[in-house]
Ligand SMILES: [Zn+2]
């Protein structure tokens, strides 16, 4: 049998090494995570693949079985420990619709919301994340329904879009509905202009409920708290057995995360 067939397409973890200030081995980390530590300015480089923290970490998960320097074993599902690399993938613990509306400065700083899970657990992680989004809206007092468009308007928009896609094909029934809405018989060009002129519904300067939540998070300087809510939700929901040791580590400069937005 061709052995190359079994080889993983990519390495999920690069097994770079992280040490404490005394040179005590702490954890294997990915190259991305290494770059993240370097960008935060809280490590000194030992080599291209080895870094040393400039402070003693507090709050790291105790007793993780994957901290043995001789056994690089971070290529495991954080939930169940599955270690077949062909069964592993990346997953987000924060709903992507929230993450993507953060300013770039925060997005690159707070990149520790990506975890490794097995394909079997991935769907559960996605669903526990999606469920939590509803709670987040409640916590930040945002009603997604406020962003809903008028029902008839939405329906006409879909009909007109379909007519444009089919280059003007329209059934009599649809034509009647559209003419009623417009009050005249619009040409294809007029319908194209109409679609182009539609502005998204804006509430408090935001075009989506996620954007409004993030706006409130930033204004109330709760960036760190916001990310921790998602982390705690993931832990409560999935009860992971093999969490990365530094999942809940408090970085000293995390206190300043809210300043990054404005600087
Ligand atoms: Zn798993």
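Could you please find all residues in region 72-88 being touching a helix residue (DSSP H, G or I) at 6+ places or on another chain (Cβ under 9 Å), outside any loop (DSSP other than H, G, I, E, B) and more than 10 Å from the ligand (Cβ to nearest atom)?
Of everything in region 72-88, just one residue is touching a helix residue (DSSP H, G or I) at 6+ places or on another chain (Cβ under 9 Å), outside any loop (DSSP other than H, G, I, E, B) and more than 10 Å from the ligand (Cβ to nearest atom), namely 86.
What single numbered condition from (1) surrounded by fewer than 16 Cβ atoms within 10 Å (Cβ to Cβ); (2) modelled with pLDDT under 90 fails to hold for residue 240?
Condition (1) is where residue 240 drops out.
Is it fair to say residue 174 is surrounded by 12 or more Cβ atoms within 10 Å (Cβ to Cβ) and over 25 Å from residue 131 (Cα atoms)?
Judged against the criteria, residue 174 is a match.
Considering every residue within region 115-136, establish whether at least one is over 30 Å from residue 40 (Cβ atoms), more than 16 Å from the ligand (Cβ to nearest atom) and in a helix (DSSP H, G or I).
Yes, the conditions are met somewhere in region 115-136.
Among the residues in region 35-43, are any within 16 Å of the ligand (Cβ to nearest atom), surrounded by fewer than 18 Cβ atoms within 10 Å (Cβ to Cβ) and modelled with pLDDT of 85 or more?
Scanning region 35-43, I find no residue that is within 16 Å of the ligand (Cβ to nearest atom), surrounded by fewer than 18 Cβ atoms within 10 Å (Cβ to Cβ) and modelled with pLDDT of 85 or more, so the answer is no.
With the condition kept exactly as written, say whether any residue in region 215-227 is touching a strand residue (DSSP E or B) at 6+ places or on another chain (Cβ under 8 Å) and either closer than 17 Å to residue 140 by Cα or surrounded by fewer than 14 Cβ atoms within 10 Å (Cβ to Cβ) (or both).
Yes, region 215-227 has at least one match.
If a residue counts only when it is without any contact (Cβ under 8 Å) to a residue 12 or more places away in the chain and under 30 Å from residue 97 (Cα atoms), which helices (runs of 4 or more DSSP H) contained entirely in region 144-204 have at least 3 such residues?
Output list reads 151-165, 188-197.
The values are calculated or read from the model by the stated rules, or taken from the named source; none is laboratory data. Since the model is a prediction, treat every value here as computed from it, not as a measurement. Don't worry about glycine lacking a Cβ; one is built from the backbone with ideal geometry, like all the others, and counts go over all protein chains shown.
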